[in-house]
Structures are given as C-alpha cells and as structure tokens.
Ligand SMILES: *Cc1c(COP(=O)(O)O)cnc(C)c1O
C-alpha cells in the first residue's frame, strides 16, 4: 500500500462490470450541458429548450443505432435499476388481468430479483428458472415454467459475474408461446457484444450508461412498439418521455449516454478483440500459477472482458482486504461483496460455498493495457499464495 503511495501509482482498475470510467469524448460531449447551456428539454417554446430537446433526441438516435431499434422505443430513466423496475412493475400492473405469474432466471441481478420479490406483495407468483453449470438457462426449462397465467419472463443477455451470454431467441419463443412478455436485462451486453433488439422479438430491455463508458445515473428502457407493450408508469408528474417516465430530463447525462453509445458502436469489434487477448493472457497466467484454478461461466458464450475464476483454498474476501487499494477486482458481484453470503449466481450454477468464497471476478475495459494486466498479476500472485489455506491434498 505504501509502495503504491510512494510511486504515486493509481490503482489498477479491473472492475468494469461494476462501473466503467466515462470516456473522454463522453465528458467532452456533456460539458457544455453542465456549464453554460441552461435549458429544460420540456421548455420547447424557446430556443434553449428546443436545443436541449434536440440534443436529447440525437442521443436517443445514437442509442437506437447501437441497440438496433427504433428511437421511439427508447425511454430514458435514471439507470437500469429504474428501467427494470418499470419493466416488471409496469407490465405486471398493466396486464394484471392476464395473469399473476412471473418467471425470472435464477442468475438475475438484484434489481430484477428484488423487484420480482416485491411484486409478491401485489399478488405475483414468482418462479426462478434454473441454470446449468455454465450459467445458461437449462434447456427446455422455460417451456416447462411458462404457462397461460405468465405475464413476463425476465432473463439477462449477459451475466455480470460470470459473463455468460444467454441466447435470447429461446426466451422470446417460450414467452410468446403463452402471450407473455420477454424482458431482457441487457446492461452487461450493450456496447460490448452486438445486439439487435428490433430483430430479436424482445418486448422490453434495460440498459445503463455507466456500464458502457457513459455517466452514472442514466439508463434507458426499450419498449417494443409493434405490437405495442403498454406499461403502468411508476413515476408520474410532468408527463415527460410520453408519459412513461415523468421528471425533468437529465440532459447532460443523456447526451453523454448518446456519445457513449456512438463510441461503443464505432469501436466495439476492436475493443472486444483487444480485451479478449488481454483477458486470455490473464486467465493463462493465473492457470499457470494456480493449476487447480477453475474457470467459471460458459467457455465460449461469454463476454470478452470477463474473467471469473475460483482458486481452491483462497479467501477472496481477505485477499481484497489487502490488495483492494492497489487493484480493483471483485470477489463476486459488487452487490454481494458486503454480505457474507456466497454469490447467488455461483450458487445457482451449482458451486459449493467454499469455492464461491474462493472466486475472483475481473472485468477488463477499453482502457485496460497489457501493463495493467502484468502489474495486476505481479501483485496478485504472491498475495493469493499468502491467502490460501492449503488442504493436505494440495
Ligand atoms: C449494474 C447492473 C444493473 C443496474 O444498473 P444501474 O444503472 O446501476 O441501476 C442491472 N443489471 C445488471 C446486469 C447490472 O450489471
């Protein structure tokens, strides 16, 4: 720690699943809207208001181009947690007469699991769809779970802990076979892997700016236009966002989100190739140092920048306690690091608690360099050795 201070070295940031730094071009796009330009995007009777509304609409187009959907299908929110609350509560409220059943994948983010749980108070019956050892839905499981009283099926496009990518076509097919909505948490996939929401048949999808090099506090909800999905608004007031989400628009944040979407669209393939090579090197070096290390998630269908690895005998929490100031990684999901419970994602993939506590999650990003990976390895390998309780069989 003192070493890091003496050399003035910044911590190595390898936690891009938790949040990503704002890209410099995103900050540049936002700055005029944070200082100088003052306008409410709803005040379209005067010049400044019109300019703000125009900037918001440009951002909507930029995001639509990344997600491959109509800009009209996008509603800006304060983040994906709000988008998912609106998707789940909004459809459950609007289609309550259709049924009371909700299906969510066992590996969903807390924003989905806790919202589904909260809906039980409103009469929802919630089924958790089990996953296999790779984190993908067990084949055929949705066909068993979804029935005519199912209102929605919520599945993530890519998992935030183990990086497993879930094919969406079977989810849409299973939901639509019973007139239920397919809701997708696309937060970790957007900007990292190609998405085509328009062609996917997905009904609702949530994204977040700060997971794709935009600012914190801005998100969006995709709502399919044809056939139209109706939603009960969760925030009412000024009627913004066509009545779906009231509240003065965060113009600077939305402009930044648009710039981030344009950036991701432009460089996605290049960043994915570069980051995959770095990730594979990190993985190979950790395997060389710890031959019994186990790779989590799907071997092929996984996010380019994700590495989740379990090192038998490691106390990952204690490790982070000593190296966390110098290298930012996670011992699971950021949301579960404060609790002592093993990650629900790893648990639902069939992992024993002891191995879950021995798990490290790395999230590389567009700004990660080979030097970052080397420095992280130099720091981590001895530290991991110091935090391993070696069983006799080791
Ligand atoms: C971060 C995250 C969320 C929540 O997004 P916020 O914009 O921070 O509210 C939801 N789902 C997944 C998979 C995430 O990684």
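Of the residues that sit in segment 115-129 and are more than 11 Å from the ligand (Cβ to nearest atom) and part of a helix (DSSP H, G or I), which one is surrounded by the fewest Cβ atoms within 10 Å (Cβ to Cβ)? Lay out the reasoning, then the answer.
Pass one, segment 115-129, residues more than 11 Å from the ligand (Cβ to nearest atom): 116-129.
Retained after the next criterion (residues that are part of a helix (DSSP H, G or I)): 116-122.
On the way: 116: 23, 117: 14, 118: 13, 119: 21, 120: 12, 121: 7, 122: 11.
The residue in question is 121.
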Review point. Among the candidates 265, 245, 281, which residue alone is part of a loop (DSSP other than H, G, I, E, B) and in contact (Cβ under 8 Å) with a residue 60 or more places away in the chain?
Key: 245
Exercise for review: Could you tell me which residue of segment 83-93 is nearest to the ligand (Cβ to nearest atom), considering only residues that are within 20 Å of the chain's Cα centre (by Cα) and surrounded by fewer than 24 Cβ atoms within 10 Å (Cβ to Cβ)?
Suggested key: 85
Check your understanding: So residue 332 clears everything in (1) outside any helix (DSSP H, G or I); (2) outside the structural domain of residue 29 (by TED's automatic domain parsing); (3) modelled with pLDDT of 95 or more except one condition, right? Which one?
Key -> (3)
Check your understanding: In segment 222-242, is there at least one residue being surrounded by 20 or more Cβ atoms within 10 Å (Cβ to Cβ) and within 30 Å of residue 361 (Cβ to Cβ)?
Key -> yes
Check your understanding: Would you pick out the residues in segment 22-65 that are modelled with pLDDT under 95, surrounded by fewer than 21 Cβ atoms within 10 Å (Cβ to Cβ) and not in a helix (DSSP H, G or I)?
Key -> 35, 36, 37, 38, 39, 40, 42, 43, 44, 45, 46
Review point. Do we find a residue being surrounded by 19 or more Cβ atoms within 10 Å (Cβ to Cβ), over 24 Å from residue 136 (Cβ atoms) and within 13 Å of the ligand (Cβ to nearest atom) anywhere in segment 188-202?
Key: no
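Would you be able to say whether some residue in segment 94-103 is away from the ligand (no atom under 15 Å from the Cβ), farther than 26 Å from residue 209 by Cβ and assigned to a helix (DSSP H, G or I)? First the steps, then the outcome.
The initial filter retains those residues of segment 94-103 that are away from the ligand (no atom under 15 Å from the Cβ), namely 94-103.
Then keep just the ones that are farther than 26 Å from residue 209 by Cβ; that gives 94-103.
Those left that are additionally assigned to a helix (DSSP H, G or I): 94.
The answer is yes, given that some residue of segment 94-103 is away from the ligand (no atom under 15 Å from the Cβ), farther than 26 Å from residue 209 by Cβ and assigned to a helix (DSSP H, G or I).
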Study note, to complete from the structure: Checked segment 203-217 for anything outside any strand (DSSP E or B), near the ligand (Cβ under 8 Å from one of its atoms) and touching a strand residue (DSSP E or B) at 6+ places or on another chain (Cβ under 7 Å); matches are 209
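The values are calculated or read from the model by the stated rules, or taken from the named source; none is laboratory data. As the structure is a computational prediction, the values presented were derived from the model and not from experiment. FYI the Cβ positions are ideal-geometry reconstructions off the backbone, even for glycines, and counts take in every protein chain you see.
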